[in-house]
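Structure first, then comments.
The values are calculated or read from the model by the stated rules, or taken from the named source; none is laboratory data. Just so it is clear, the model here is predicted, and its values are computed rather than measured. In this analysis, Cβ positions are derived from the backbone assuming ideal geometry, glycine residues included, and neighbour counts consider all displayed protein chains.
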Amino acid sequence: MNDTLSLDYQIFHQRLVSELLVLVKNCAPFVASDEHAPAAEDLVFVSHLDTLSTNLNASEQGYPLGQWVITTIIARYPHLTTSVPRDLFWFFGGDCLHYLGEEEIVLFQRLDESYHVQDSETEVLQPYETMRMTIFGLH
């Protein structure tokens with residue numbers, strides 16, 4: 001994948017993780033009040049999500065940490081599950097893929113194939129988010 005495609009793909013998912021962090025920080029049980037302080041495990045979770053939001057990459061740490069964050073949301077914070085962009089389930093892969101439906105997997109596969117094929121076959125590169133909207137029928 002060329003650097004332009006790689007950066008575009010990375011920025012899109014980085015933004016989704018950052019938006020998820022903002023949402024999480026404003027939801028229970030992560031918001032402190034006069035009567036309640038977040039538990040230590042909740043603070044650890046937010047810390048890991050914060051790390052992921054500032055250092056999302058395909059390194060040895062990025063994907064496993066992302067998988068941990070997503071599966072932790074499902075296991076410990078199910079009220080947040082519907083707020084997690086489905087794209088992050090696909091992006092981090094691994095156990096996260098178990099939570100995607102077959103139709104979603106087919107669409108994400110088609111998106112990845114179409115996006116990465118343009119690297120060698122087209123001169124004008126279509127942004128990832130634009131291609132995503134087209135394949136998912138979002139416009």
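Scan segment 18-36 for residues that are farther than 22 Å from L56 by Cβ and loosely packed, with under 12 Cβ neighbours inside 10 Å and the total you get is 5.
Of the residues making up segment 11-42, those that are of a type in the set (D, E) and over 17 Å from I70 (Cα atoms) are D34, E35.
The set of residues in segment 69-92 that are surrounded by 14 or more Cβ atoms within 10 Å (Cβ to Cβ) and either over 16 Å from S18 (Cα atoms) or not hydrophobic (A, V, I, L, M, F, W, C) (or both) comprises T71, T72, I74, Y77, P85, R86, D87, W90. Report yes if E104 is crowded, with 16+ Cβ neighbours inside 10 Å and at pLDDT 90 or above, otherwise no. Criteria met by E104. Look at segment 23-50: where a residue is more than 13 Å from R76 (Cα to Cα), no partner that is surrounded by fewer than 12 Cβ atoms within 10 Å (Cβ to Cβ) and hydroxyl-bearing (S, T, Y) sits 6+ places away or on another chain with Cβ atoms under 9 Å.
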